[in-house]
Structure formats: C-alpha cells, structure tokens
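Notes to accompany the following structure.
The values are calculated or read from the model by the stated rules, or taken from the named source; none is laboratory data. Computed from a predicted structure; not experimentally measured. Here the Cβ is made from the backbone with ideal geometry for all residues, glycine too, and neighbour counts use every protein chain on show. Please note that ligands, DNA and RNA were not included when accessible areas were found on the heavy atoms of the full protein model with its side chains. Shrake-Rupley method; radii C 1.70, N 1.55, O 1.52, S 1.80 Å.
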Amino acid sequence: MINSPHDDISSEHPINLLGFTQSQLITFFESIGEKKFRAKQIMKWIYQYHQTDFQCMTDLSKLLRDQLTKIAHITPPPIVKSDHAKDGVMKWLMRSESGSLIETVFIPETKRGTLCISSQVGCALNCSFCSTGKQGFNSNLTTAEIIGQVWQAVHQLKSKFHIKTPVTNVVMMGMGEPLLNFEPVMNSMNIMMDDWAYGLSKRRVTLSTSGVVPAILKMPYKTEASLAISLHAPTDALRNTLVPINKKYPISELLSATKIYMDSLPDKRKVTIEYTLMHAINDRPQEAKQLVKILKNVPCKINLIPFNPFPGTTYQTSSQKSIRAFQTYLQHAGFNTTVRKTRGQDIAAACGQLAGQVDAKNKKRATPHNTSEPIQLML
Ligand code: SAH
Ligand code: SF4
C-alpha cells in the first residue's frame with residue numbers, strides 16, 4: 001500500500017482519495033493490482049460528477065467498487081455555514097479535520113467566477129494590516145481540505161444555482177501563506193489544472209505570497225501556476241513594518257526570485273504585484289514614485305487593494321482621491337494598474353477580512369528569523 005499524502009490518515013483508516021494527484025492515484029491503483037487508467041476514471045467521478053459513493057461509479061467493476069468501499073473514501077471538508085452577500089459574493093465556512101474553520105469566498109463577475117481559497121487556518125506571518133495574521137497560526141490544511149474547498153464550491157454552485165462552469169479562476173488569497181504549506185498547495189493546484197479534474201488554465205490559477213523566497217525558488221520544479229506578490233511597500237524600511245517576513249527576505253531578493261520563477265514558465269506572463277493602500281502609510285506620491293523605480297525592470301501588472309478594515313486595526317482606508325492619484329501615477333509610468341473592487345464586505349468576505357476561528361490556546365507565532373521551510377514556530 002502506498003503512503004497517503006495525508007499525514008493524519010494511517011493504514012488502519014480508509015484513505016481519502018480526494019486530494020490525490022493523478023500520479024498519486026496511478027500509484028495507488030497499481031498498488032492494488034489495477035490499471036493506470038483507473039486514475040483518470042476516478043478523477044472524473046470525483047471532480048466532474050461530484051460522486052462520493054464508489055458503488056455509483058458504474059464504469060468500475062463490482063469487485064473494484066467493493067474493494068474501494070472497504071479501503072478508501074471521498075470526503076470533502078463539511079460546510080458548516082454559507083453566507084450570501086448583497087453583491088452576489090458567497091462565503092462558506094468549512095470544518096477542517098483539526099476542528100478549525102476554513103473560509104472560502106466566491107466572487108461572481110459577468111464573464112468569470114473567481115474562487116478565493118485558504119491554505120492554512122490562521123497565518124504565522126503576522127502582517128500588521130491583515131486580520132488573518134492577527135489571529136496567529138493554527139494549522140496547515142491537507143490537500144483534501146484545499147482542493148475540497150473547490151469541490152464544495154463547484155458542487156454547491158452547480159446543484160443550487162445551476163451554473164454550468166461556476167469557477168473559472170482560483171486564487172490562493174484566502175487565509176494563510178500558501179508557500180508555508182508547500183506540498184499540499186502544489187498538489188491542490190495541480191489537481192485544479194488537471195483536465196480530468198477541473199482543467200483550469202494555468203493563467204487562471206494564482207498563488208499569492210508575501211514573499212517566502214526559498215519556496216518561490218522551488219516553484220519552477222512543481223507548478224506553472226500564475227504568481228502574485230504581496231509587495232505593499234516600495235522600501236525595505238516600510239515593508240519591514242507591514243510584512244515582517246521582509247526582514248528575512250528583503251525586496252531585492254524577493255524580486256530576483258520572482259524573476260526566476262516567471263522566466264521558468266513556458267509562456268510569457270506577467271507577475272501581479274499586490275499593493276494594499278493604507279491612508280498616509282504607503283499611499284502618497286513619494287511611495288508611488290519609489291514603486292515605479294523598483295518595478296522598472298519587472299514585467300508586471302499592479303493590483304491596488306483599498307485597505308479593508310477589521311475590528312481592532314488602526315490602519316485606515318485611503319481616500320478615493322489618493323487611490324486615483326496613485327493609480328494614475330503608475331499608469332502614466334507605463335504600468336497596467338487596476339484597483340481591486342471591494343466585494344462581499346457585508347459578510348466580511350473582502351481581502352484581509354478572513355479570520356476563521358483560531359482557538360486562542362492554539363495560537364502560534366513565527367518570527368521573521370524562524371520562517372524558513374519547514375516553518376519553525378515559536379510556541
Ligand atoms: N498570505 C498570502 C495570501 C493571502 S492574503 C499573501 O499575503 O499574499 C491575500 C491578499 O490580501 C494579500 O495581498 C494581502 O496582503 C492582502 N490583504 C491582507 N489584509 C488585507 C486588508 N486588511 N485589506 C486589504 N488587503 C489585505
Ligand atoms: Fe499571512 Fe498573507 Fe495575512 Fe500576511 S497578508 S498575515 S502572509 S495571510
């Protein structure tokens with residue numbers, strides 16, 4: 001029997017096949033004396049037909065169905081709450097195996113549907129303007145819990161709202177730092193892009209990171225997904241105060257690693273630079289000017305995110321006037337610059353508002369000096 005990708009599933013327990021990549025499924029089927037093509041068949045049942053009962057998988061033999069029923073199962077994280085915002089945004093709370101809550105947000109637009117998924121419960125990186133960061137770190141999600149968010153969202157949207165292709169884009173911009181949960185995140189993204197699962201385009205699956213440089217350098221060996229960098233400041237002095245991991249991996253190293261990853265992709269693509277605008281912190285003409293200087297040789301598009309407030313924060317959203325002036329300056333300097341529309345605010349589903357429910361007893365915090373892979377936590 002092969003090892004399960006889930007640490008928590010031992011050989012006495014049936015294996016959760018949700019979260020197995022195609023190659024892991026091939027190994028699994030070969031280990032029980034079955035042919036390779038069973039992997040594709042079962043992926044189709046799991047991800048395209050949302051079938052969790054092996055007995056209903058009619059193109060498998062009765063013998064194989066019975067065997068799978070004994071040794072395996074297909075279990076997504078259960079949904080414990082759904083919210084529907086006035087603007088159509090939906091938010092689901094799902095329960096992780098550790099008992100914490102995972103938040104997933106669906107943002108419908110005219111021509112696309114974007115799903116924002118979580119990679120961890122909480123986050124250890126403690127960015128000063130982020131509600132998730134303020135919660136501290138609780139746990140990493142398993143591959144089943146990461147791809148399970150997509151499974152649940154697609155299933156809900158298809159069955160309840162009869163939308164044929166509800167999710168066209170996935171962004172790893174929910175709770176957590178995806179590069180600090182590397183293997184499960186890479187496996188989940190690869191399942192999303194697998195034609196036997198959701199077949200999403202690699203341009204439409206985006207990983208957002210605050211800048212875990214060694215993990216960015218590992219990405220070319222694992223994925224071809226798109227990349228977004230949470231920059232938020234044009235100088236190390238300012239970024240150190242907003243994104244503490246910058247003390248370990250400063251801007252110059254982050255931009256070099258980004259270039260290496262973007263150059264490794266088989267097609268020409270631009271990295272997205274995320275920049276959350278906070279009043280009188282990083283939204284002035286001087287920061288716009290410095291930003292143009294540091295991004296001069298970086299093929300990128302810039303996404304400005306108006307700061308979303310949350311209880312207890314001292315930061316304020318920039319004025320419309322400052323946001324427009326900042327955008328105009330960057331556009332005049334030749335950068336494709338968009339302002340992210342705030343959606344789903346009435347159900348606390350906007351960027352940086354996802355807090356989940358981290359048990360205070362389980363809070364863990366990393367310092368910038370101990371955030372190397374695998375993450376070492378200060379308890
Ligand atoms: N940990 C990853 C991905 C999750 S956060 C990262 O940091 O990139 C997704 C995006 O939301 C990041 O760009 C993050 O900096 C931004 N963000 C966090 N808190 C925010 C807030 N309160 N308002 C606006 N954007 C915020
Ligand atoms: Fe973590 Fe990203 Fe929030 Fe920073 S912005 S605390 S890295 S989730």
Picked from segment 299-316 (must be under 22 Å from the mean Cα position of the chain (by Cα) and assigned to a loop (DSSP other than H, G, I, E, B)), the residue farthest from ligand 2 (Cβ to nearest atom) is Pro309
Scanning segment 121-166 residue by residue, the ones that are among the polar types (S, T, N, Q) and within 16 Å of ligand 2 (Cβ to nearest atom) total 9
Determine the pairs where a residue that is under 15 Å from Glu145 (Cα atoms), located within segment 163-192, has a partner that is within 14 Å of ligand 1 (Cβ to nearest atom) and open to solvent by 30 Å² or more (accessible area, probe 1.4 Å) with Cβ atoms under 6 Å apart, the partner being 6 or more residues away or on another chain. Asn181/Asn140
The residue from Thr206, Thr235, Thr223 that alone is modelled with pLDDT of 95 or more and within 13 Å of the chain's Cα centre (by Cα) is Thr206
Any residue in segment 228-254 that's acidic (Asp, Glu): show its pairings with residues that are within 14 Å of ligand 1 (Cβ to nearest atom) and part of a helix (DSSP H, G or I) at Cβ separation under 9 Å, as long as the two are six or more apart or on different chains. Asp236/Asn246; Glu253/Val213
Residue under evaluation Ser208, criteria (1) away from ligand 1 (no atom under 16 Å from the Cβ); (2) of a type in the set (Ser, Thr, Tyr); (3) in contact with a strand residue (DSSP E or B) (Cβ under 6 Å, 6 or more places away or on another chain), criterion not met: (1)
Could you tell me how many of the residues in segment 248-268 are within 20 Å of Leu125 (Cβ to Cβ) and modelled with pLDDT under 95? 0
Look through segment 125-152, keep the residues that are crowded, with 24+ Cβ neighbours inside 10 Å and within 10 Å of ligand 1 (Cβ to nearest atom), and return whichever of them is farthest from Thr317 (Cα to Cα). Leu125
How many residues does segment 317-334 hold that are assigned to a helix (DSSP H, G or I), of a type in the set (S, T, N, Q) and open to solvent by less than 50 Å² (accessible area, probe 1.4 Å)? 2
